[in-house]
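K.L.:
For reference, the structure I am asking about is given below.
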Amino acid sequence: MDPEPIRLSQLDSGADAVLRVVGYFDALVESSADAETVIQSAESVAQCPVSVRWLSATEPEVRLERAGSAGHPLDEVVGDRVRHALRIAASRAGAAVRLGDPALLELVLSDNELPAERARAIRLLGLDESREVRVLAVSAGSPAEALRVVVRELGDQPVRSVTIGADTALLCYSSEDARTLSDRLDAAIIAAFPPPPPAQAGRGPWVGIGAKTTVFDAAASWLQAQRGLRFASSTHYGRRAVAYERLSVLELLAELPLEQVLRHHDVARINAIAAKPSGAHDIDTTEAFCVLGSLRRTAAQLHLHHSTVAARIAHVESAMGWDLADPIDRFTATLVLFVRRIALSSAELSATEPTNVGKDR
């Protein structure tokens, strides 16, 4: 049975009032109220927002947010009883209370929610409002170990995750700059899932990284992470982790219509080459070369002899009429492979099948 509602504005500071407050929250505990119910009830009693920050898995810090008010004599009693009720709720639910319900994180990352609802979810998740956060988008379909690689590289800090649509959103505190983080994640993914992939093996993750922001603007970082994800390589070749902040004017390429890109004569010719197994290797190697910038680095990453890399690139140059030693042709090749990669990544993200793309890889 729910306890009878009370309001501090209707109570004095005497012993009877203290007992009513204590009894109210004890009744909440006896009714097995969860953390969200406890906080909602506390806000109703105190008639002001109540913020909660989890200092450990079962130890909350509670603050009554009275803007421009001297407070009520029983505020300290309310705070004490809320802490007690939340400890009990945490002990019943385990670490889930601190890590948060995925639905709460989805609410924080949604740009369609009311600010008050987002603020409540932030408090329930125990997020530190004074620290900057960053949101990452990890492609769906990756093996469990792939996600563990990304989380491990984020360090010992708390990481909240939720599956949204076809991707996994990771929210974490962040002090690193975008270049450092994306380079480190890229290297870790390549080390864990080196190219070329074994037959029938699950591929490693590809990751988009949103910009640092306040937790209240995490929805913007999530949208940026999804944009960055479209620029990451959906094969074992090329860039695996892309930070939105590093895209600059390249972001405009993501606005190109998918079907229009795939119908372009250069992209169509590339896809025709990739339709055959040997051609697919040639295209992937050329893409890696355009990303990495040298035969030596490409050979090292693909575990190939540099002469093999050179031969594969030569096949593509001959078929496409390119000379990658020429700056203009090299720029053209890089751009064609880049927009093709965006098209393939976008198709995979939306679970659609792009036309004219070879599959015998």
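K.L.:
Taking the stretch 305-338 as the region of interest, how many residues are hydrophobic (A, V, I, L, M, F, W, C) and within 19 Å of H264 (Cα to Cα)?
P.N.:
Final tally of qualifying residues: 11.
K.L.:
I've got another one for you. In the stretch 100-132, how many are open to solvent by less than 30 Å² (accessible area, probe 1.4 Å), touching a Phe, Trp or Tyr at 6+ places or on another chain (Cβ under 6 Å) and modelled with pLDDT of 85 or more?
P.N.:
Selection size over the stretch 100-132: 1.
K.L.:
Evaluate the stretch 133-149: report whether one residue or more is outside any strand (DSSP E or B), at pLDDT 85 or above and open to solvent by 10 Å² or more (accessible area, probe 1.4 Å).
P.N.:
Checked against the condition, which is being outside any strand (DSSP E or B), at pLDDT 85 or above and open to solvent by 10 Å² or more (accessible area, probe 1.4 Å), the stretch 133-149 yields no hits at all.
K.L.:
Can you tell which of D326, D282 is closer than 24 Å to A187 by Cα, charged (D, E, K, R) and modelled with pLDDT of 90 or more?
P.N.:
Criteria check complete, one pass: D282.
K.L.:
Every residue in the stretch 246-276 that is farther than 20 Å from R230 by Cα, among the hydrophobic types (A, V, I, L, M, F, W, C) and surrounded by fewer than 17 Cβ atoms within 10 Å (Cβ to Cβ), please.
P.N.:
Across the stretch 246-276, the qualifying residues are A272, A275.
K.L.:
Tally time: how many residues in the stretch 14-55 are surrounded by fewer than 17 Cβ atoms within 10 Å (Cβ to Cβ), within 14 Å of R87 (Cα to Cα) and small (G, A, S)?
P.N.:
Residues in the stretch 14-55 being surrounded by fewer than 17 Cβ atoms within 10 Å (Cβ to Cβ), within 14 Å of R87 (Cα to Cα) and small (G, A, S): 1 in total.
The values are calculated or read from the model by the stated rules, or taken from the named source; none is laboratory data. Bear in mind the structure is a predicted one, so any value in this text is a computation, not a measurement. When we count neighbours, we look across all protein chains shown, and the Cβ atoms used for this are built from the backbone with ideal geometry, even at glycine. Side chains included, ligands, DNA and RNA excluded: accessible areas come from the protein's heavy atoms. Shrake-Rupley method; radii C 1.70, N 1.55, O 1.52, S 1.80 Å.
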